[in-house]
Amino acid sequence: MDQPAGHPSGASYRAEIDGLRALAVGGVVAHHTGLGIVPGGFTGVDVFFVISGYLITGIIAAEMAAGRFSQWRFLERRIRRIVPALALMLWVTAGAAWAILTPEDFRPFAQSLTASALFASNLLFARETGYFDSEEGMQVLLHTWTLGVEEQFYLVFPLVLIACLRWRRQAMLPVVAGLGLASFGLALWMAQSWPQGAFYLLPARLWEFAIGAACALLPRRPAPRGAPGLAGIALIAAGYALIRPETPAPGAMFLLPTLGTALVILFAAPANAAGRLLAWRPFVWLGLVSFGTYLWHQPLLVLGHYVWFGPLPILATLALVAGSVGLGALSYHLIEQPVRRKALLGSRRMLLAVGGLALALPAAAGVAGHLRAWLPVSAAEIGPLGALRWDVPAPEYVPPSGPVPYVLFGDSHAEHYREALAERFGEGALLSQPSCLAAPGVSNAREEIDAARCRAMPERLVGLVKQRAIRTVIWSQLWARQIYATGAREPLPAAEGVHRLTAGMQRIADSLPEGTRIILIGNVPAAWPAGPQVTGGWPRCRAYWNADCPTAFGADKAQGLAINAALRALAARDPRFTYVDPAAPLCRAGRCLVIQDGILNYWDPHHLTLAGARRVVATMPPLAPTLP
């Protein structure tokens, strides 16, 4: 992503490198449009890394050979190249996110804002999010992970070359090759053991820079006919076509675009076909504005998708892409070039002062957003609706001492009653596991849950009740699930699954101390029938410019009615169970209410807000007396 520079041998500007940048940024932007036309276009980032390794090593090696290399001067050039353009993008994007995002999405955005300003977003994303399945708030600045990797490379790699120079100049190429091979091996291992770390962290990406660095350190020979350079372009295109989001990354398949880039660097020249193709003026121009285009395309496309329900129209997508290129051109001519040529921020002191402040402000704003001292515009609208959700409770909690009036048992549908139950009955215990429904002999075993831990939940419940002499179990679930017999690979037929589940629940009751009461809270009348626009919750729906957000849906269409009938029947025939119907307080006159008396009942189609949970808890019977 650096500007053109000569080869270490002193060769002049190479237009084909800018054409190569055009291929890289074009692939990335095309992939991020979501149109599916370039499935592996995200590997354009790998092309950028190879180019950066080549250009940076060329600069450093040439200056070292001339005896005038300075780490401070090198870093100043990098600051001039990156910081002003990045800071402006962060400022503008922060304002747009503040105006558009929901509070729930704004907080992760704020976290990524701070990390981006500190060139550490790759470290944040390695811990928090996958590239293809990230939270909506994180997606706005997801592309800044590459800047974190690049800046970390700029800090470390010159030190390696300096050490080689002081030890033995001829060792540069072998050391670079050794580091590259070690990094590639690490990447292959991490892609299986820690995929997010492999994708985002410099140690697993260093091999791509090393390929470019090796190209810079190899003697430059007269270019033959254009076949090797054309083969390199073909390999990049093959990577764009064959690599998929599910491909282990970075891995062996990523040799296609990276080695292809190396072939172009080594063999494309003005005298052959590959060089002439990449030196085509539109390619060169796009390459020159590629850094700004890269900076702006992600916020524009992500926020464009954020405010539009359903697929973004193709014309709107193309307009956003054109806007990205236009902003990239403005960034190049009005910011990047004047700062690099010292027409702006001419002195180093002024550069550091202005650049530091320009990044410190978004970093501080991100901290404020994380701490919720800075809220988006939407908070003023949805706050009065009771839709500001700050914290998700831990899945397990047991009071350290004293009587425990009840244990709340189940999955996330137990967790959403925790605060309302504490308000009415006092603090109890919570024993839950997300996406887990289990009874002796059956569970909803699926790949995305810990099946063994899920199946052990009933036994843990019995142990806790006995240990703390708890008289009341409040059991709440997303009950409408496929049921599997233990060890089975296929789900049971619906009727048999319900029969085995309720029989297993009675076996749990048999294992509990005599007199233990089990209160079953039925399946929340899931709001999916209200429409797909509320899939992310009613506040998320309000961010769409082209969708109406329903406030109610037909009670007869609510999901979970069949399993609720089975739970009610269980309570009718077994006095140890009491059934609580959540539809009773949430539905009126055949309509279940998303908004009731001006307050939201649902976070999303099947989880309740505190207000909705309070309405259900208010209908529950008193608890069994606590044992002394």
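Derivation of every value follows stated rules applied to the coordinates shown; laboratory data play no part. Every value quoted in this text rests on a predicted model; they were computed, and no experiment measured them. Because the Cβ atoms are built from the backbone with ideal geometry, glycine has one as well, and the counts that use them run over all protein chains shown.
General observations
- Around the amide H of residue 408, modelled in the peptide plane, lie the amide H atoms of 429, 430, 431, 474, all under 5 Å away and 5 or more residues distant in sequence or on another chain.
- If R0 is taken as 56 Å, the Cβ-Cβ distance between residue 574 and residue 196 corresponds to a FRET efficiency of 0.75.
- Label zone of residue 169 (point 7 Å out along Cα→Cβ, amide N under 16 Å): in region 46-78 this covers 58-70.
- Label zone of residue 333 (point 7 Å out along Cα→Cβ, amide N under 11 Å): in region 50-83 this covers no residue at all.
- Pairwise FRET efficiency - residue 514 versus residue 316, Cβ, R0 = 51 Å, nearest 0.05: 0.20
- Residues whose amide H falls under 5 Å from that of residue 579, counting only those 5 or more places apart or on a different chain, are 520, with hydrogens built in the peptide plane.
- In the chain, helical runs assigned H by DSSP with n ≥ 4 each contribute -39500 (n - 2.57); averaged across all residues and rounded to the nearest 500, the mean residue ellipticity at 222 nm is -17500 deg cm²/dmol.
- Each residue, residue 76 and residue 218, gets one label point 7 Å from its Cα in the Cβ direction; the gap between the two is 3.5 nm.
- Alpha-carbon centroids, region 131-184 and region 468-540: separation in whole Å: 50 Å
- Shape of region 532-616, Cα gyration tensor, a/c cut at 1.5: prolate
- Each of residue 485 and residue 159 was given a label point 7 Å from its Cα along the Cα-to-Cβ line. The distance between the two points is 6.2 nm.
- Shape of region 19-86, Cα gyration tensor, a/c cut at 1.5: prolate
- Summarising the amide proton neighbourhood of residue 526: residues at separation of 5 or more, or on other chains, whose placed amide H is nearer than 5 Å comprise 559.
- Neighbour-limited loop hits for chymotrypsin sites (Phe, Trp or Tyr not before Pro), region 61-154 (at most 13 other Cβ within 10 Å; DSSP other than H, G, I, E, B): 132
- By the combined test of axial Cα extent (at least 30 Å) and Kyte-Doolittle hydropathy (mean at least -1.0), the qualifying DSSP H helices of the chain come to 44-65, 71-100, 145-167, 172-193, 348-370.
- With a Förster radius of 60 Å applied to the C-beta separation of residue 182 and residue 597, the computed FRET efficiency comes to 0.40.
- Global form of the chain, assessed from the alpha-carbon gyration tensor, a/c cut-off 1.5: prolate
- Additional length obtainable on full extension of the chain from residue 557 to residue 528, 0.36 nm per residue less Cα span: 9.6 nm
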